[in-house]
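Trainee: Have a look at the structure that comes next, please.
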Amino acid sequence: MTPKFHTLKINDVKKETEDTVSISFEVPKELKDDYAFESGQYLTLKADINGEDVRRSYSLCSSPFENEWRVAVKQVENGKFSTYANHELKSGMEMDVMTPSGNFKISTEASNIKSYVLFAAGSGITPMLSIAKSVLNDEPNSDVTLFYGNKGFGSIIFREEIEALKNQYMGRIRVVHVLSRESLGNQIQKGRIDGEKTNELFDAFLRNITIDGVYICGPESMIMGVKDSMISKGVDSSKVHYELFTAPSSGSKKIKLPTNSPKVESNVTVIVDGDEIELNLDSTGENILDAAQKAGGDLPFACKGGVCCTCKAKILEGSANMDVNYALETDEVEAGYILTCQAHPTSDKLVVSFDD
Ligand code: FES
C-alpha cells in the first residue's frame, strides 16, 4: 500500500521530560486498517511551519495491541519541527500524519520462546518501548533485556512506563540504565553505550543467555559500536537489527552505489494510486521523485536522503540506479525496489510503481 497522509486529530500531548513530548493521534474507525502497524515502525508528520512544508518521521512508542498511535518528539537545537511540536501542539489540533512505514519492525508469535536484547539511547527508546511491550504482551514465554543510555535521571524518557512494565511482567524484563553524567553507584552503569560499554554489559548481563534478536536505536556511532560488539561476542549478524534516522556521516550500513553507467535518455512512467505520470529524464539529472513531484504527482516521501524508505517504489520495466541506499534490504533491491528520491533511470524506458 502506498503510504498516504491523512489529517488526524491530536488526542493528547504529554510532557515526558524537560525537552520531550509524546503525541497521540485519533485514528477514525474507517482508517484503522490503513494505520495498522508493527512495533518498530514510524509515522511521518507534516506541518506548515512559517510557510514551509516540514516533514519528520518519528517511531511509534505505542504497541499495536494498545490500539494507540503515539510518538515522542525530543526537542533538538534549532530543530524546526521538534520546537514546534514541543511548544505549539495541543490536544484537539489537527495534523497531517502519514500511514505507518519502515522496515525496522518485529512480528511477534505467541508460541515463541525467545530472548530479546534492546539497546536505546535518548529518544531511541521510542521503537524499543513499542517492541518491549509487544514482546511482553504477545509472547508469554519470551523475555526482554533493555539497556537504556541517557545523560541523567531527568532525561530518561518513559521512565515511569518502563518501571510499570517491570512490575507488570515481573521476571520477564530486565532494565539496565546507563547514565553518562550521574552515578547509579557502580561503574558498569556509568558512561555512554558504545562498543566498549557493550562488551562490559554483555559480560555482566548476557553471557549466559542465548540471544534471539538484538534491536538498536540511537545515534549512528552508538549503533555501530553495539552492533560490532554483539557480533564479536558471537551473535549472528542476521539477528542484529537497527534503525538509522539520519544519513550516516561515513559509509557504514550501505555504501554509495555505482552510478558510472553511460548517460541514458529515458521515458519514465510513474504509477501512483492507479494514475500514470510520464516524464523524460536522463540518468545523470534529477531524481525520479523530484521530477514526478514537479509534474504534479502527490508522492510519499519524508527524508529525501535515502534513509526512511517512505519513497519506495517498484520497477516494473527497465532499470535504475540509486545514489545512496540506507533503507532497502538487499532482497528488496533484488526484487526491483528503489528509493525514488535517490533513483535515476538507466534504461530507455522505465516504469516504476508506488502501488506494488
Ligand atoms: S524520502 Fe526517505 S528514503 Fe526517499
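Trainee: Among the residues of the stretch 292-305, write down those that are more than 20 Å from LEU45 (Cβ to Cβ) and either within 6 Å of the ligand (Cβ to nearest atom) or in a loop (DSSP other than H, G, I, E, B) (or both).
Mentor: Listed by number, the residues that qualify are ALA295, GLY296, GLY297.
Trainee: Right, something else. Mind checking which residues of the stretch 308-342 are away from the ligand (no atom under 13 Å from the Cβ) and assigned to a loop (DSSP other than H, G, I, E, B)?
Mentor: GLY318, SER319, GLU329, ALA335, GLY336
Trainee: What is the number of the single condition among (1) exposed (fewer than 15 other Cβ atoms within 10 Å of the Cβ); (2) modelled with pLDDT under 95 that LEU316 does not meet?
Mentor: Among (1) exposed (fewer than 15 other Cβ atoms within 10 Å of the Cβ); (2) modelled with pLDDT under 95, the lone unmet condition for LEU316 is (2).
Trainee: Please list, ordered by residue number, the strands (runs of 3 or more DSSP E) wholly in the stretch 28-105 having 3 or more residues that are buried (at least 22 other Cβ atoms within 10 Å of the Cβ).
Mentor: In the stretch 28-105, the matching strands (runs of 3 or more DSSP E) lie at 42-49, 52-59, 69-74.
Trainee: Exactly one of (1) modelled with pLDDT under 95; (2) under 11 Å from HIS177 (Cα atoms) is unmet by PHE119. Its number?
Mentor: All conditions are met except number (1).
Trainee: Quick test of your reading of the structure: VAL71 fulfils all but one of (1) out of contact with any Lys or Arg (no Cβ under 9 Å at 6 or more places or on another chain); (2) closer than 18 Å to MET222 by Cβ. Name the failing condition by number.
Mentor: For VAL71, the failing item is (2).
Trainee: Also, I was wondering about something else. Filter the stretch 181-222 down to the residues that are out of contact with any Ser or Thr (no Cβ under 8 Å at 6 or more places or on another chain), hydrophobic (A, V, I, L, M, F, W, C) and crowded, with 20+ Cβ neighbours inside 10 Å and list them by number.
Mentor: Passing the criteria: ILE193, LEU201, VAL214, ILE216, MET222.
Trainee: I would also like to ask the following. I'd like to know if the stretch 51-64 contains one or more residues that are free of Cβ contacts under 8 Å to residues at least 12 places away in the same chain and not polar (S, T, N, Q).
Mentor: Scanning the stretch 51-64 turns up at least one residue that is free of Cβ contacts under 8 Å to residues at least 12 places away in the same chain and not polar (S, T, N, Q).
Trainee: With the requirement that a residue be of a type in the set (A, V, I, L, M) and either within 18 Å of the chain's Cα centre (by Cα) or at pLDDT below 95 (or both), what does the stretch 86-116 give you?
Mentor: Listed by number, the residues that qualify are VAL97, MET98, ILE106.
The values are calculated or read from the model by the stated rules, or taken from the named source; none is laboratory data. Note that the coordinates shown come from a computational prediction; the quantities given were computed from them, not determined experimentally. Note that we place each Cβ from the backbone using ideal geometry, even for glycine, and neighbour counts take in every protein chain shown.
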